[in-house]
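Structure in structure tokens, see below.
Every read-out reported here was derived from the displayed coordinates using simple, explicitly stated rules and does not represent laboratory data. Computed from a predicted model, the values in this text were never measured in an experiment. Methodologically, a virtual Cβ is constructed for each residue, glycine included, from the backbone with ideal geometry; neighbour enumeration extends over all protein chains shown.
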Amino acid sequence: MKSIYDLTIDELKEYFIKIGQPKYRATQVFEHLHKGTLVHDIPNIPKELREQIAADFCAYFPKIVTTETGSDGTVKHLLELVDGERIECVVLSQDYGKTVCVSTQVGCRMRCAFCASGRDGFVRNLSAGEILSQVILAKPSRVVLMGSGEPLDNFDNVMKFIELTTIGARNISLSTVGLVDKIRQFADLKTGVNLCISLHAPNDNIRQSLIPMAKKWSIKELIESARYFFEKTGRRVIFEYSLINGINCSPENARELSNLVRGFPTHVNLINLNSTGTDFKAPPREVGLKFMDVLIKSGTSCTMRKSRGSDILAACGQLKLHTH
């Protein structure tokens, strides 16, 4: 049965017209669902109509199984979906409002060597409504598609989520490990959403040792797709780069990276690797600062991201599949 949360306002209008109801009901229902009102509690529509909606569609909203709060105020929710599968989403409070980091899949098939999300494999894609439910729950001002799963591996549902959400496109960031064909397809849609690419290496040898999927497309092909995205959308591309001690954070690696991302508007977001139970470790602080200094002196725009929520395993790369 199709979820009521998967429906756009136009699809809701078609439904209400089909059952002999005025199409303004669609706006009433859509707005209340996006405020977090459950179907049976929607005001201003007859009880019989609420019951019919609940009979015609799955009206299940994910249940909060547990909530953890980190020492820095980061909140992580473990949510149970309609089929009993579980996902995590993270809410970050900042001066300008709340940001929610949402999952797009149960598990992940990318299996990046330093990330916990794909360690137990892939179970299924989330529907557009299941992605949306995390936003409805958090009531944020910004959304990052950076939780468990590869968003572009769930392309159609993620694109529909972007259509569904009432958060403005410029306040949404999508992070991909680098599915080159899907980046180009995403660029052609001109959604207005920000593109972040999990690069994590300045050359193919290092990248392929960390990211199995990187064997399919070279770094050159990936950078060309990023350039294509900028040319199509006019929006700069963010490259995410986790610093891993002894692997990818030498001054020479920094010079390679700088040469790689120049030539069109880009920004490098450096991340000190978060612990995920592997042998990979973050470098000493001075190594990371030296890496950033080389980038800056080479003319590369970059910042060092402050890690949030690591004490509750809510930081980048730490979200994981919960089997039961």
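What list do you get for S133, S298 if you sort them by fewest beta carbons within 10 Å?
The most exposed by this proxy come first: S298, S133.
Here is a further query. Measure nothing fancy, just the Cα-based angle from helix 180-189's long axis to the longest principal axis of the chain, in degrees from 0 to 90, nearest 10.
Tilt relative to the chain: about 50 degrees.
Next question. Less than 30 Å apart at the alpha-carbon level, and either on another chain or at least 8 residues along: which lysines does that give for K47?
Result set, ordered by chain and number: K2, K13, K18, K23, K35, K63, K139, K160.
Please give every one of the lysines within straight-line cross-link reach of K290, meaning a C-alpha to C-alpha distance under 20 Å, and leave out same-chain neighbours fewer than 8 residues apart.
Partners within reach: K281, K306.
Just checking the chain: which Cys have no other cysteine's beta-carbon under 4.7 Å?
That list is C58, C89, C101, C108, C196, C249, C302, C316.
Check the straight Cα-Cα distances from K190 and name the aspartates and glutamates below 16 Å, setting aside those fewer than 8 residues away within the same chain.
Counting by Cα, and skipping residues close in sequence, K190 has these aspartates and glutamates nearby: D156, E163, D181, E231.
Additional query: Once you charge only the Cβ atoms, +1 for Lys and Arg and -1 for Asp and Glu, what is the size of the charge dipole of the chain about its Cα centre, to the nearest 20 debye? Please list the in-between numbers first.
Details: 41 positive and 35 negative charges, 137 e Å.
The calculation lands at about 660 debye.
So for L92, L319, fewest C-beta neighbours within 10 Å to most, what's the order?
L92, L319
Moving to a separate point now. So, with +1 on the Cβ of K and R and -1 on the Cβ of D and E, and no other charges, what is the size of the charge dipole of the range 4-56 about its Cα centre, to the nearest 20 debye?
On the way: 7 positive and 9 negative charges, 39 e Å.
So the dipole magnitude of the range 4-56 works out to roughly 180 debye.
Also, quick follow-up: With 10 angstrom as the radius, rank R170, R308, R109, R50 by how many other C-beta atoms surround their C-beta, starting from the fewest. Provide the component values of the computation, followed by the final result.
Numbers: R170 11, R308 21, R109 14, R50 18.
Arranged by neighbour count, lowest to highest, R170, R308, R109, R50 become R170, R109, R50, R308.
How tilted is helix 155-164 with respect to the longest principal axis of the chain? Cα atoms for both, answer in degrees (0 to 90, nearest 10).
Between the helix axis and the principal axis of the chain, the angle is about 60 degrees.
Next question. Taking the Cα atoms only, what angle lies between the long axis of helix 9-18 and the longest principal axis of the chain, rounded to 10 degrees?
20 degrees
Answer with one residue from Q94, G84, C302: the one whose Cα lies farthest towards the positive end of the charge dipole of the range 63-312, charges on Cβ with Lys, Arg +1 and Asp, Glu -1.
Farthest towards the positive end: C302.
Among rounded, prolate and oblate, which fits the chain when a ≥ b ≥ c are the square roots of the eigenvalues of its C-alpha gyration tensor, a/c under 1.5 means rounded, and a/b larger than b/c means prolate?
Prolate, because a/c is 1.5 or more and a/b exceeds b/c.
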